[in-house]
Amino acid sequence: MGVTSTLDDRGIRVITVAYPPVNALPVQAWFDLADALDEASRDLATHVVVLRAEGKGFNAGVDIKEMQHTEGFEALIGANRGCFAAFKAVYECAVPVIAAVNGFCVGGGVGLVGNADCIVASDDAFFGIPEVDRGALGAATHLARMVPPHLMRTLYFTGRNIAAADLVQHGSVLEVVPRDRLDDAALAVAAEIARKDTRVIRMAKEAINGIDPIDVNKSYRFEQGFTMELNLAGVADEHRDLFVNRQSAGTDEPGIWTSSTAGGQQ
């Protein structure tokens with residue numbers, strides 16, 4: 001369990017996240033993931049990163065149980081800072097980051113994937129932001145990089161999910177493959193990039209970030225400010241308690257929230 005990083009002789013670094021049962025990450029894991037990506041940036045032998053996960057799904061967001069079982073605001077502030085650090089590390093990684101998405105990718109998972117440079121997904125993959133149902137806000141910045149504006153608003157306000165296959169038409173998901181071929185598909189794209197002159201690729205990554213129309217770091221930080229207001233008002237606590245109580249009662253699968261309009265969400 002944890003965040004692991006391996007580098008092969010082609011310069012492909014594979015960073016794997018494994019926090020069973022659903023990859024809902026505790027505070028420290030977000031910082032560990034940021035550290036692994038920052039290490040990839042510093043290591044000139046790294047030409048490209050593949051970000052992947054083990055288990056049922058790619059990412060189910062933050063560990064809400066940790067937040068509700070921690071006194072005061074320490075876990076809340078830690079999760080906010082950890083997510084910011086991890087999303088920033090993906091975006092500012094000195095080499096391209098390819099996200100290999102399996103199963104559910106919700107909440108903080110969208111923050112990671114939305115900041116990646118390339119997305120390859122399995123045929124059971126879907127994306128969603130259930131933040132409104134948790135009394136929180138965030139990752140609209142990153143969802144906006146994956147879908148057109150009006151679709152982003154609809155998905156955000158309703159908490160609906162969208163299948164990876166539906167994102168291919170928008171150009172945000174490169175390809176959808178059977179789950180048992182996901183790693184191979186991501187590594188194939190990574191191999192194409194790894195064969196390039198890494199000095200050029202690293203400069204290309206910096207140049208492309210420099211012409212982005214939106215500063216994703218400032219935009220996400222702006223969103224986080226409203227989350228803090230909801231927490232200070234007690235609204236977020238109400239929704240998180242409801243979520244934890246449903247899980248304790250066995251009405252939800254651990255880490256996943258379901259409704260008639262949306263599939264698994266964290």
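Here, each number is a calculation from the coordinates, and none is a lab measurement. The model shown is predicted, which means the values in this text are computed figures rather than measured ones. Neighbour counts run over all protein chains shown; Cβ positions are idealised from the backbone, glycine included.
Couple of notes before you dig in:
- Rounded tilt (10° steps) of 27-42 against the dominant C-alpha axis of the chain: 10
- Label zone of I77 (point 7 Å out along Cα→Cβ, amide N under 17 Å): in the range 117-141 this covers no residue at all.
- Other residues whose C-beta falls under 11 angstrom from the C-beta of A136 contribute a net charge of -3, scoring Lys and Arg +1 and Asp and Glu -1.
- Projected over every direction and averaged, the convex hull enclosing the alpha-carbon atoms of the range 1-47 yields 3.3 nm².
- Top positive-direction residue, dipole computed over the chain with Cβ charges, set A233, M1, V132: V132
- Cα-centred dipole magnitude for the chain, charges only on beta-carbon of K, R (+1) and D, E (-1), debye, nearest 20: 500
- Whichever lysines have a C-alpha closer than 22 Å to that of K205, once near sequence neighbours (fewer than 8 apart) are set aside: K88, K196, K218
- Summed residue charge, Cβ within 9 Å of N217's Cβ, Lys/Arg positive, Asp/Glu negative: +1
- Other-chain or far-sequence residues with amide H under 5 Å of A24's (modelled H): A60
- Nearby aspartates and glutamates by direct alpha-carbon distance to K65 (threshold 16 angstrom, same-chain neighbours under 8 apart not counted): E74, E131, D133, D237, E238, D241, D252, E253
- Per-residue ³J(HN,Hα) for the range 205-212, Karplus 6.51 cos²θ - 1.76 cosθ + 1.60, θ = phi - 60°, Hz, x for Gly and Pro: 4, 5, 5, 5, 4, x, 9, 4
- For the chain, share of DSSP beta bridges that run antiparallel, in % to the nearest 5: 30
- Other-chain or far-sequence residues with amide H under 5 Å of L137's (modelled H): T227
- Between helix 182-194 and the chain: long-axis angle, C-alpha atoms, 0 to 90°, nearest 10: 50
- For the range 221-228, 3J(HN,Hα) per residue [Karplus equation, 6.51 cos²θ - 1.76 cosθ + 1.60, θ = phi - 60°, Hz, x = Gly/Pro]: 4, 4, 4, 4, x, 6, 4, 5
- FRET E, pair D9, A233, Förster distance 51 Å, beta-carbon r, rounded to 0.05: 0.45
- For the range 89-140, the square roots a ≥ b ≥ c of the C-alpha gyration tensor eigenvalues yield an a/c of 1.5 or more together with a/b not exceeding b/c, which makes the shape oblate.
- The ratio of the alpha-carbon radius of gyration of the range 36-143 to the globular-protein estimate 2.2 N^0.38 Å is 1.10.
- For a paramagnetic label modelled on V200 (point 7 Å from Cα along Cα→Cβ), amide N atoms under 12 Å away are absent within the range 82-99.
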